[in-house]
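The values are calculated or read from the model by the stated rules, or taken from the named source; none is laboratory data. All values reported here derive from a predicted model rather than from experimental measurement. No Cβ is skipped: glycine too gets one built from the backbone with ideal geometry, and neighbour counts run over all protein chains shown. Note: areas computed on protein heavy atoms with side chains; ligands, DNA, RNA excluded. Shrake-Rupley method; radii C 1.70, N 1.55, O 1.52, S 1.80 Å.
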Amino acid sequence: MLSFTDSAVTLADASDYVTARALSGWPEGESAQQAALRRGQDHIAREYNSRWLSEFDNDDAPELVRFAIIEAALVEARNPGSLSPTVKASDAKMLTGVGSITWTPISGPGGVDALRPRLLHVEAMLSGLIRGQTVFLERA
């Protein structure tokens, strides 16, 4: 399982990954890079630690897991806090009418959980390493 205290990705590995793909948004300073990697790994650990198909530690994390951490870190570097939003049930609503503005609560199996951030490219990257998760999409 990924640690919430020790890093699975080095700054050099992250820099190599970002440079090889010419990705934008990677912070300049080492402390900002380390913070982004920490938040990225925290997100991957929160979302996937209970779903890994095989056991591993930070030191032997599969390459795709390390890449997913870097991808999540990039999202965090571009928009700090985006992977750990505070969501209240009262926020789970959608605009359904503009004239005299009408809001409708989000219902169904997803509920407030449907407001959790999802990184589809990370999910695709990790798809062979995790147990599946049933996703319900409700039609309007």
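Computed quantities for the displayed model
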quantity	calculated
Positive minus negative residues near SER15 (Lys, Arg vs Asp, Glu; Cβ under 12 Å)	-3
Largest-first ordering by accessible area, 1.4 Å probe, given options ASP6, ASP59	ASP59, ASP6
Gyration tensor verdict on the stretch 1-94 (Cα atoms; rounded if a/c is under 1.5, prolate if a/b is larger than b/c, oblate otherwise)	oblate
Solvent exposure, largest accessible area first (probe 1.4 Å, DNA, RNA and ligands not counted), of VAL9, VAL75	VAL75, VAL9
Solvent-accessible surface (1.4 angstrom probe) belonging to THR86, in square angstrom, nearest 10	120
Overall form of the stretch 39-90 per C-alpha gyration tensor (a/c, 1.5; a/b vs b/c)	oblate
Solvent exposure of the stretch 4-104 as accessible area per residue, Å², 1.4 Å probe	57
